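The values are calculated or read from the model by the stated rules, or taken from the named source; none is laboratory data. All figures in this text were calculated on a predicted structure; none of them were measured in a lab. Using ideal geometry, Cβ is built from the backbone for each residue, glycine included, and neighbour counts are taken over all protein chains shown.
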Amino acid sequence: MSPSRFAVTLAALALGGSVADAQTPLERALAPYKKSQDVSFESGDQLEKLRDGVISLSDKGKVAIRQKAQNIVYKVTEPEYHEAVRVKDDAIRPRDPNKTVDKLADEIQRTFISYTAWDKLNENQKDYQRELGAALFDAVLLVMTDKNPPPFLRLNAARLLVPAAETASPAVARGLTKILSGGVFTDDKKAPAPPPPDVLYYALRGCEAFLDKYQVLRPGTKDLVPDDMAALLGLLIGYVEKGPPILNKVSVSAGDPPAAQATARDAAVRFYRLQAVRALAKVKLDEYPGKNVVLRPLFTLARVAVRDPAIQPPPSVKEVGEATLGLMSVNAGLEVNVEVLAYVAARGATDYFRTRAEAAPEMKLIDWKAAAQRFSVAAAAWAAATEKNPAVRAGGKKAVEAAAAQLEQYLFAPLNNPAAALGAGPNVNEVARWLGGVKAGLPDALISDRQDKSKYKLNYPN
């Protein structure tokens with residue numbers, strides 16, 4: 001303890017106070033929620049061997065993994081991780097750059113195994129990865145919920161849901177499902193309730209991270225079962241099609257005009273719905289079977305891309321863009337009308353890049369060259385994957401090839417070309433004319449459902 005802090009402590013005791021009185025307001029606020037967990041040398045040695053796949057997962061190994069997860073996550077309950085500046089020896093000093101929530105996320109990422117193919121890990125490493133994800137999630141959940149922590153602590157703990165989800169552990173998916181379905185938080189009357197807005201945002205970000213990483217897994221007996229995946233995807237589809245549970249959390253002034261109140265509510269819905277769209281856009285299969293249901297994230301993304309009037313408030317340009325990129329990454333199955341998929345994706349991309357030509361206020365901050373590059377890479381990969389997809393008939397392959405070529409020539413290339421004149425933009429009118437000619441001969445439905453021919457019919461706005 002520094003001499004100045006020692007003097008403050010003595011003064012507090014002399015006045016009949018306690019050492020706690022010498023704490024800063026932040027330290028006092030966090031004191032009831034402080035958690036710590038040290039990792040023993042023996043546990044550290046176990047972790048290294050587990051991560052390398054040298055030993056199998058035992059009860060001792062599970063304890064070691066839990067200790068390590070808690071050791072990282074529980075640091076977020078320390079004051080240093082929430083300070084803008086550090087007051088030390090009666091002087092204001094810069095905060096420690098190594099004590100930030102971002103650094104904790106980095107530390108989490110260093111503990112799990114980065115992989116490009118699940119099959120390249122041995123069974124010991126797979127067990128380690130699964131257990132680590134479960135331990136990280138449990139530690140984050142405890143910090144977020146134990147003793148009803150202050151919002152700033154809950155928020156910074158929620159940020160760690162994202163790196164925990166990158167483990168692609170099935171336990172994380174089940175935990176995120178529980179959060180989003182109202183199984184973790186309660187309202188003032190102790191009834192089950194949706195998560196607070198801060199947790200909702202990072203839980204949706206966690207879904208995106210999980211679904212992105214889970215794509216390289218080959219589900220086995222210990223991995224996510226179809227019903228678990230269906231439960232998660234069903235929630236996300238509901239958030240997109242019916243809206244996230246956020247309206248009662250939007251703060252509006254009763255004195256504001258009704259139009260201003262509606263604008264605030266619509267902005268909140270679009271903000272959270274965008275995160276759900278981004279998560280669904282990571283799903284690579286066109287269908288997922290669940291208990292008595294078959295989920296089609298592809299159809300939900302297509303509804304966003306065409307701005308289906310039934311989805312309210314109307315999807316934003318950013319939602320349309322993310323949904324379109326998701327459509328381009330789906331591995332279409334036999335029941336998908338790929339000609340319709342090609343049209344919808346081209347339409348969504350045209351809608352998105354039309355804002356560049358019209359300078360829509362909502363998109364002024366977009367780095368258009370970066371966006372064009374992102375779409376260009378996605379469209380090229382889409383065309384190549386479709387050509388190799390045995391489930392796609394010749395007509396569908398030609399439709400995707402033609403759509404990708406149109407988009408590249410008239411939307412992406414003008415922005416990516418370094419020799420283009422300053423201010424050059426996409427030629428959306430040319431693509432729009434092409435789309436008008438294509439639409440006339442298309443089927444009504446995106447997916448040919450054998451039981452219900454109208455179930456997947458797209459509703460295009462006028």
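Checking 60, 126, 103, 68 one by one, the residue that is in contact with a Leu (Cβ under 8 Å, 6 or more places away or on another chain) and either assigned to a helix (DSSP H, G or I) or among the acidic types (Asp, Glu) (or both) is 68 and no other. Filtering the range 165-181 down to residues that are surrounded by fewer than 24 Cβ atoms within 10 Å (Cβ to Cβ) and not in a helix (DSSP H, G or I), which residue is modelled with the highest pLDDT? Top of the filtered list is 181. In the range 120-164, the residue that is farthest from residue 79 (Cα to Cα) out of those that are surrounded by 21 or more Cβ atoms within 10 Å (Cβ to Cβ) and of a type in the set (Phe, Trp, Tyr) is 128.
Listed here are the residues, each with its yes/no results for (1) assigned by TED's automatic domain parsing to the domain that holds residue 206; (2) hydroxyl-bearing (Ser, Thr, Tyr); (3) farther than 25 Å from residue 350 by Cα.
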position: 233; (1), (2), (3): no, no, yes
position: 244; (1), (2), (3): no, no, yes
position: 272; (1), (2), (3): no, yes, no
position: 288; (1), (2), (3): no, yes, yes
position: 296; (1), (2), (3): no, no, no
position: 299; (1), (2), (3): no, no, no
position: 304; (1), (2), (3): no, no, no
position: 310; (1), (2), (3): no, no, no
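Being at pLDDT 70 or above and in contact with a helix residue (DSSP H, G or I) (Cβ under 8 Å, 6 or more places away or on another chain): is that true of residue 27 here? Criteria met by residue 27. With respect to (1) surrounded by 19 or more Cβ atoms within 10 Å (Cβ to Cβ); (2) among the aliphatic types (A, V, I, L, M); (3) assigned to a helix (DSSP H, G or I), the lone exception for residue 262 is condition (1). Can you tell me which residue among 167, 116, 111 is over 20 Å from the mean Cα position of the chain (by Cα) and among the polar types (S, T, N, Q)? Just one listed residue meets the conditions, 111. Close contacts from the range 372-394, counting a first residue that is under 17 Å from residue 352 (Cβ atoms) and a second that is surrounded by fewer than 13 Cβ atoms within 10 Å (Cβ to Cβ) and modelled with pLDDT under 95, with Cβ to Cβ under 9 Å and a gap of 6+ residues or different chains, come to none at all.
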